[in-house]
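Data first, discussion second: the structure below is written as C-alpha cells.
The values are calculated or read from the model by the stated rules, or taken from the named source; none is laboratory data. The structure displayed is predicted, hence computed values, not measured ones. Neighbour counts are summed over all protein chains in view; Cβ atoms, including those assigned to glycine, are modelled from backbone coordinates with ideal geometry. Areas reflect the complete protein model, heavy atoms only, side chains present, ligands, DNA and RNA absent. Shrake-Rupley method; radii C 1.70, N 1.55, O 1.52, S 1.80 Å.
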Amino acid sequence: MALIRSLRLVLLLGLAGLVSGIVLSLSANVRGGPPRPSDTGARELPGSARLAQQAFNVEIVRTREGRPTLRLKALESRSYTDGRLDLTNVVFHLFGPAGRETIVEAPTASSLAPADDLQPAGAAGPPAAGAPEAMGSWQLEGGVTVRTADGLTLLTPRLAYHEADGQATTQDSISFARGPATGTAVGMTYEIESQIVRFLRDVTTSMPLGGMGLVRVEAVSATHDLKNATLEMRDYRAVTGRGENLSGSRLVASFLEGGGVQSLTADQGFVLESSHAVSTPGTTSPLGKLLALEGTRTMRGFSLAMQFGAGSEPTSIEVSGDALLTALDSARGDAPSSIAARTLRFDLTGGNLTRARAEGEVDLKGAPAEGESAGFRLLSDHLDAVFDPNLGTLTNLEGQGEIHLSDREMRSEGSHTVLDPNSDIVTLTGEQGKPASASWLKRKIQADRIEADRRQKTLSAKGGVRASYEPPRSDESVEGGSAGQALPFFKEGETIYVMAGSLTFAEQGKLAHYRDRVRLWQGENRLEASEVDVNESEGTLEARGEVVNTFRQPAPANQARPSGNPSEQIVTVAASTMKYERGANCIAYGGRVLVTQGALRVTSDSMIVTLSADGGGAELMEAAGNVALSDSGRTGNGDRLIADPKADTLKLIGSGREASVQDSTGQQVVRGLALTMDRSGDRILVESEVGGRTWITLKPRQKGAPGVGPVPRD
C-alpha cells in the first residue's frame with residue numbers, strides 16, 4: 001500500500017507539473033518555433049522546481065481593455081513547475097497612454113513569483129493581495145537597454161519590471177542619453193502609464209548649449225516627464241563651458257521633439273555666478289555677455305527662465321522674484337555694481353545679449369570712480385537697456401516711472417531717464433505739469449530736461465529752468481581764486497533764484513552758463529539778460545543782451561535816515577553788456593547804458609561801477625561817452641560823469657566841450673569844464689579851464705516839476 005501511495009504521489013506531481021506547464025504556455029500565448037540550442041545554461045532552481053517546458057522564438061502579448069500593454073519577444077523560454085519563466089535575448093514592448101511605446105532589451109529575463117515581487121521605489125509593506133494572475137513581474141539582467149518614444153535611451157545592469165503597477169525599477173547605476181544630452185544616475189523608477197522616469201540619486205547630465213559650451217549639471221535627484229518632454233532636477237549645480245555656475249533647489253529643462261532644449265527654468269531660489277579676469281573677443285558665452293565678462297558676476301532670484309532657439313542658442317532670460325545682479329570689478333574688489341528689481345528680462349541674438357529690461361522697484365547701482373565714495377544710482381519703476389550684439393557693449397539705458405537718480409554730488413527726480421554710454425550723458429525728463437528736478441552741489445534745479453555729463457562732470461538743464469542756491473560766504477575758499485562775493489550786489493547767506501531757458505554747470509558748479517531770457521534775483525536785487533555766465537573760481541560775471549541790473553543802494557552818509565520813499569534807493573542799470581570782475585571789484589556796462597534811481601536818469605555809451613567793500617552797493621559810478629542826465633527838473637550833458645552815491649554828488653566833465661546843467665525853465669544854465677552837482681544842497685561846483693573853482697547855488701527844485709528838453713548850445 002505504501003508503494004502504491006508513493007507511485008500515486010509521483011504520478012500526481014508529474015501530472016501537476018505537466019498541466020501547469022501547459023496552462024502557463026496557453027495563457028501566455030506562447031508560440032514556439034523550431035528548437036534552438038540555448039545560449040545560457042539553466043538557472044539554479046529553488047526547492048523541487050523542475051523544468052516543465054522549453055520553447056524558442058517566443059512572443060507573449062498582454063492586453064487591457066482591448067489595448068496592448070505588453071508585447072514580449074524572446075529567443076528562448078523555459079518554464080518551471082513552480083510557475084516561473086526564464087527568457088533569453090528578450091525584448092519588451094511596453095505601451096503607455098496613446099500607444100506610446102517603450103522598448104526594453106536584455107540578455108535574460110526571469111518572471112518573479114508573487115512572494116519575490118520587487119516593490120516600486122518608495123512603496124511600503126507587502127505586495128497588494130489579489131493581483132490578477134496574468135499580471136507578473138520580471139527581472140531583466142545582463143545589461144538592460146531602455147528606449148522611450150521621445151528618444152530617451154537608458155542603460156543599466158539590471159531592471160525589474162512590475163507589470164501590475166506598470167513600473168520598471170532598479171537600484172543600480174544608470175547611464176542615459178537623449179539627443180546631445182547624456183547623463184548618469186543611481187537608481188530609477190519608470191512609471192509606464194504616466195510616462196515618468198525618476199532618477200533616485202547622484203544624477204549628472206551634460207549637453208552642449210550653443211555659445212555656452214558644454215553645460216554639466218549635478219543633482220541629488222531628477223524626474224523625466226516623457227509625455228511633457230521635461231527633465232526636473234533637484235538640489236542641482238550646473239557649470240557651463242565658460243565657467244558660469246548655476247545652483248538652486250529645482251531646475252527644469254524642456255525639450256524639443258527633435259531632441260534640442262526648448263527652455264530651462266530654475267525656481268524656488270537660485271544663484272548664478274561667473275568670474276572672468278579679462279574680456280574675450282569674438283563669440284563668447286551669452287551668460288558671459290550678460291555678466292559683462294570682466295570680474296565676478298552674481299545673479300540671484302526666486303525664478304530664472306531661459307528660452308532657446310535654433311542650435312540650442314539662448315534667446316531670452318527672465319529672472320523674477322527679488323532679482324539681483326551684482327558685478328565686481330576685477331581691478332577693484334571693493335567696488336561692486338548691481339541692479340535689483342522684481343523682474344529682470346534679457347533678450348539675446350545669436351547667443352549675444354541685445355536688450356535687458358527691469359521692472360518693479362528697480363535699483364541700479366554703479367561702482368564709484370577712483371577716489372569717490374559713491375557711484376551712479378538709479379531708482380525707477382522700469383529700466384530698459386540696449387546692447388550691441390556684436391561688441392556686447394551697452395548702447396542705451398532708459399528708465400521710466402518714478403525716477404530717483406544720484407550720481408556723485410547730484411540727486412534728481414523725474415519720470416524718464418536715459419543714459420547714453422557713448423557720450424556718458426544721463427538725461428532726466430519730467431512729465432507735463434511735473435518737471436524733472438535735481439540737486440547738485442547745493443544747487444537745486446527744475447526743468448523739462450536735465451542732463452548730467454559724467455565724462456565732463458557737467459550738469460545742464462533745458463526748458464522752463466528754475467534754479468536756486470546760496471552764494472558762498474566771504475570766508476569760504478574758492479578754488480582757483482580768492483574768497484569773495486560770487487555775484488555783484490547779491491548777499492551771502494541768502495538764496496539766489498534763477499529762471500532761464502537753459503543752464504549748464506561745470507567745474508563742480510563754480511562755472512555756470514545761463515541762456516534764453518535769464519533772470520537772477522535775491523530780494524530786491526536782480527539781474528536780467530539774454531545770457532549770463534558766472535565763473536566763481538575766477539570771480540567774474542558776464543551778461544549779454546538786454547541787460548537789466550537792479551540793486552538797492554544804501555542811503556548817502558549825510559542822510560540821517562533813509563528817504564521817505566524806499567523806491568528812491570533802488571538803482572536800475574540797463575545796458576547791452578555787463579561784466580563783473582571780483583579782483584577789481586567793479587562792474588563794466590556797455591552798449592548805450594541807462595541808469596535810473598528815483599528821479600535821477602543817466603544815459604551814456606558805457607559805465608563802470610566800483611563796488612563797496614562788502615559788494616552790497618555802489619562806491620563810485622563812472623559813465624563815459626555822450627553822457628546825459630536828468631534829475632528832478634534839471635538836465636545835464638557832458639562826456640563823462642562821476643557819481644558818488646555816498647556823498648550824493650554828480651560830476652559832469654566835458655572833453656573838447658563844456659559840460660552844462662540847466663533847470664527845467666531854461667532860465668538858469670551852468671557851464672564849465674567840470675560841474676559837480678551837490679544833490680542834497682542844490683548847488684554846483686564849477687571848474688573852469690584856467691583852474692578856477694566856484695560854487696553856484698541853484699534855485700530850489702520844485703517837487704514834481706516837469707522835465708525839460710535838450711540843453712541849448714551856444
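Quick one: net charge around Gly501, please, counting Lys, Arg +1 and Asp, Glu -1 for every other residue with C-beta under 12 Å from its C-beta.
Its environment carries a net charge of +3.
Hey, rough spin-label estimate for Gln268 and Val418, points 7 angstrom out along Cα→Cβ, what's it come to in nanometres?
Those two pseudo-labels are separated by 4.5 nm.
Once both labels are modelled 7 Å past Cα along the beta-carbon direction, what's the Gln508-Leu441 spacing in nm?
Reported label-point gap for Gln508 and Leu441 is 0.7 nm.
Tally Lys and Arg at +1 and Asp and Glu at -1 over the other residues with C-beta under 12 Å from the C-beta of Thr610: what net charge comes out?
-3
Quick check on my link table: of Lys434/Lys462; Lys444/Lys491; Lys442/Lys579; Lys365/Lys444, which ones sit more than 21 Å apart, alpha carbon to alpha carbon?
Pairs exceeding 21 Å: Lys442/Lys579; Lys365/Lys444.
Between the stretch 643-682 and the stretch 136-214, how many Å separate their Cα centres?
Measuring centre to centre over Cα atoms gives 114 Å.
Run the simple label-point estimate for Glu361 and Glu619 please: 7 Å along Cα→C-beta, distance reported in nm.
Reported label-point gap for Glu361 and Glu619 is 6.1 nm.
With a 1.4 Å probe and all protein chains kept in place, how much accessible area does Arg62 have, in Å² rounded to the nearest 10?
About 40 Å², ignoring ligands and nucleic acids.
Taking 0.36 nm per residue of separation and subtracting the Cα-Cα distance, what length does fully extending Lys434 through Ser249 add?
Fully extending the segment from Lys434 to Ser249 adds 62.0 nm.
Could you work out the local net charge near Val186, counting Lys and Arg as +1, Asp and Glu as -1, over the other residues with Cβ closer than 11 Å to its Cβ?
That works out to -1.
Under 18 Å from a point placed 7 Å out from the Cα of Gln668 along the Cα-to-Cβ direction: which residues of the stretch 631-657 have their backbone N that close?
What the label zone holds, given the 18 Å backbone N cut-off, is 631-637, 649-652.
Taking a probe of 1.4 angstrom, what is the accessible area of His416 in Å², to the nearest 10?
Solvent-accessible area, nearest 10 Å²: 50 Å².
Farthest toward the dipole's positive end in the stretch 552-682, which of Ala647, Ala574, Thr603, given Cβ charges of +1 (Lys, Arg) and -1 (Asp, Glu) about the Cα centre?
Ala574
What is the P(r) of the stretch 134-250, as percent of Cα-Cα pairs per 5 Å bin from 0?
It works out to 2, 11, 21, 23, 19, 11, 6, 3, 2, 1, 0, in whole percents.
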